[in-house]
1. For the chain, with all protein chains present and a 1.4 Å probe, just round the carbon and sulfur fraction of the accessible area to a whole percent.
2. Take the chain, connect every pair of alpha-carbon atoms lying under 10 Å apart with a spring to form a Gaussian network, then pick out the residue of G42, G83, G128 with the largest mean-square fluctuation.
3. Considering amide H positions built from the backbone, and no H for Pro or chain starts, which residues 5 or more places from M131, or on another chain, come under 5 Å of its amide H?
4. If I build a Gaussian network model for the chain, linking alpha-carbon pairs within less than 10 angstrom, which residue out of A51, A177, A188 has the largest mean-square fluctuation?
5. Note the full-extension length gain between T161 and R45 as 0.36 nm times their separation in residues minus their Cα-Cα distance, in nm to one decimal.
6. Output the 0 to 90 degree angle, nearest 10, between the alpha-carbon long axis of helix 109-119 and the longest principal axis computed from the alpha carbons of the chain.
7. Could you work out [θ]222 nm for the chain from helices alone, using -39500 (n - 2.57) per DSSP H run of at least four and dividing by all its residues? Round to the nearest 500 deg cm²/dmol.
8. Return the long-range amide H neighbours of V140 (sequence gap of 5 or more, or a different chain), with a cut-off of under 5 Å between placed amide H atoms.
Amino acid sequence: MSDLRAELRGTVAPAVPQYRMLLPLGWQSYDVTADTERELLGAARTRLSQAGRPDLASGLAVQVGDALRSLRAQDAFAFALAGETAPSWALGAASLVGLRRKSTPEIPLDAVVEDAVRNRGGIAIGEGHRMVRWTERRPVTLEGVAAVSFLINYLIPIPGTRRTQAVQWTATVAHAADMAEDDPVLLAWVALFDHHVATFTWSTR
């Protein structure tokens, strides 16, 4: 695990070629291994102890373990969050997850792209228009309150796989259920992640 305020480098997933991508200032990147789970829990226990709430550690351990198992089940290879040094700007909280996607006989990746463009407002972004970005809104309940999970998806083909494998970055932003789809805050999130994901390149080193 490392502080990647400037750059994310993918080197931990053998099935995904090495890559580089800029992250927002102060964000940190993690893999989905057991070592990451132990490190996250260790840091959380320290903060809870300092706040006088060590009793919350066991419940947090279950939540972190469940979250990482869910990511591994989705073929995730990395995720990123704002770290403690990230600027305190008004947009709120978000996460970014990297998944490996594979074509299946039922759902080839070309069909995923076609559906994104035809039905989900998908557009091509980045140098050479090599990435497809689309958004989704899903109703969720957070601590008993109705909310919306706003997903910003980016699909990037993996070289040499003839478009049968791809990397998908998904940024997730939770917001109030009554927030409009074209709210300036959500548009700012899209612009932010467009800027950073557009820097994604496959490493030649």
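1. 54
2. Evaluated over the chain, the most mobile residue of the options is G128.
3. I125
4. A51
5. 37.5 nm
6. Tilt relative to the chain: about 90 degrees.
7. After summing the helix terms and dividing by the residues of the chain, the value is -9500 deg cm²/dmol.
8. A147, V148, S149
The values are calculated or read from the model by the stated rules, or taken from the named source; none is laboratory data. Just so we're clear, the structure is a prediction, and the values are computed from it rather than from any experiment. Accessible surface areas use protein heavy atoms only, side chains included; no ligands, DNA or RNA. Shrake-Rupley method; radii C 1.70, N 1.55, O 1.52, S 1.80 Å.
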